[in-house]
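Have a look at the structure below, then the notes.
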Amino acid sequence: PGGVPKSVFEGLGKYHASGRLKRAVLKLLAKEVDEARVGRIREYFKFLDGRRDGYLTRDELLQALRRSEMPHLTEADLRLILPPGMGDRISYTEFTAALLAREGFTR
């Protein structure tokens, strides 16, 4: 993709606002979704993963936010997407779970 839509960041924010159990279930479900469905999500992740290490850091997300449809967002906005208590990075599985949860799970 040429960029990442606002809905990706909204999905991350909602995922991290979920309870621990819900996040665990979403990560399990994300591993079971068909390949065709996660192809687009993988492309977004690759676009965002500047270091190509399989994780998105706060800096990578903030840079992406500034390049996206939402360049006015700040570090405070990023804390909603990747809250401080959640670690400094998000894995591909968590990213996939967050976006699939936003769209609704179907196999």
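The values are calculated or read from the model by the stated rules, or taken from the named source; none is laboratory data. Predicted model only: the values in this text are computed from it and were never measured. Glycine gets a Cβ as well: all are built from the backbone with ideal geometry, and neighbour counts include every protein chain shown. What goes into the accessible areas is simple: the full protein's heavy atoms, side chains included, and nothing from ligands, DNA or RNA. Shrake-Rupley method; radii C 1.70, N 1.55, O 1.52, S 1.80 Å.
Observations
- A simple rule links phi to the HN-Hα coupling: the Karplus curve 6.51 cos²θ - 1.76 cosθ + 1.60 with θ = phi - 60°, which for the range 19-32 gives x, 4, 5, 4, 4, 5, 5, 4, 5, 5, 5, 4, 6, 9 Hz, with x for Gly and Pro.
- In the range 1-69, Cα pairs under 8 Å separated by at least six residues give a relative contact order of 51 percent.
- When nucleic acids and ligands are ignored and a 1.4 Å probe is applied, LEU21 ends up with an accessible area of around 130 Å².
- Note that the range 47-63 has calculated 3J(HN,Hα) couplings of 4, 7, 7, x, 7, 6, 10, x, 9, 9, 8, 4, 5, 4, 5, 5, 4 Hz, one per residue in order, obtained from phi through the Karplus relation 6.51 cos²θ - 1.76 cosθ + 1.60 (θ = phi - 60°); glycine and proline are x.
- Distance between the 7 Å Cα→Cβ label points at ARG20 and ALA76: 2.9 nm.
- Note on ASP88/GLU35: beta-carbon distance plugged into 1/(1 + (r/R0)^6) with R0 of 25 Å gives a FRET efficiency of 0.30.
- Once backbone amide H atoms are built at 1.01 Å from N, ASP49 has no partners under 5 Å, excluding neighbours fewer than 5 places away on the same chain.
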